[in-house]
Amino acid sequence: MNHSVNWEAISAIGQIVGALAVVISLIYLAREIRSNARSARLASVGTLIQWLAQITQHPHLAELWDRGLRDYESLQGGDIRSFNCLMLQLFHMIGEMYHEKLEGHLDARLWREMELPMRDVIGAPGIQTWWCKYSRWFSEEFVNYVNQLQQAAKPPTGLREAIPDQRSTNRSS
C-alpha cells in the first residue's frame with residue numbers, strides 16, 4: 001500500500017476552506033455594518049423624538065420655544081440659558097443627521113422629512129439671531145448647509161400657528 005501524501009491536494013483543499021472562511025466573514029461583516037447603520041439611524045430619530053417630547057410635555061419649555069422663535073433678544077436670565085441649551089441640542093442632533101446623510105447612513109426619505117421642518121425653524125427670526133451667535137460651534141459643512149437654508153428661508157409656514165403675531169394679539173385685548 002502506497003500511503004504517500006498528496007500535498008498539492010491538501011493545499012488546494014486548504015485554500016478552498018480559507019476562501020470560504022473569508023467569504024463567510026465578509027458576509028457577516030456586511031450584515032453587522034448594515035445593522036449598525038440602521039441602529040444609528042433609529043437612534044438619531046429617537047433622540048429627535050425625545051427632544052420634541054420634552055417641549056410638548058413641559059409647558060414652560062413650549063412657551064420658551066415660542067418666545068425664542070419670535071424674538072431671541074427678548075429672552076433673559078435663566079430663559080436665555082434654557083433656550084440656548086434647547087437650540088444646541090436641536091442643532092447638534094440635526095447636524096449629526098446631516099453628517100449621517102452625507103456618509104450615506106441616513107435614508108433620503110427620512111432626511112426629507114427632517115429638512116422641511118428644519119427650513120421652517122431656520123426661517124424664524126429668533127432662530128436666525130441665535131444661529132448668528134452660535135453657528136461657530138458647529139462643523140463648517142453643517143454651517144454652510146444651514147446658511148444656505150437660511151438664505152432661501154421664507155417666513156415659517158408650518159409654525160405660523162405656534163408664532164402668533166403679537167400686534168394682532170395685543171389689539172384684540
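The values are calculated or read from the model by the stated rules, or taken from the named source; none is laboratory data. Given the structure is predicted, the values throughout are model-derived calculations rather than measurements. Because the Cβ atoms are built from the backbone with ideal geometry, glycine has one as well, and the counts that use them run over all protein chains shown.
Against the definition (surrounded by fewer than 16 Cβ atoms within 10 Å (Cβ to Cβ), part of a helix (DSSP H, G or I), modelled with pLDDT under 85 and of a type outside the set (Gly, Ala, Ser)), how does residue 109 come out, yes or no? The answer is yes for residue 109.
Only residues that are of a type in the set (D, E, K, R) and buried (at least 18 other Cβ atoms within 10 Å of the Cβ) were counted in the stretch 79-100, giving 1.
How many residues are under 16 Å from residue 88 (Cα atoms), in contact with a helix residue (DSSP H, G or I) (Cβ under 8 Å, 6 or more places away or on another chain) and modelled with pLDDT of 75 or more if we restrict to the stretch 25-57? The number of residues fulfilling the criteria is 5.
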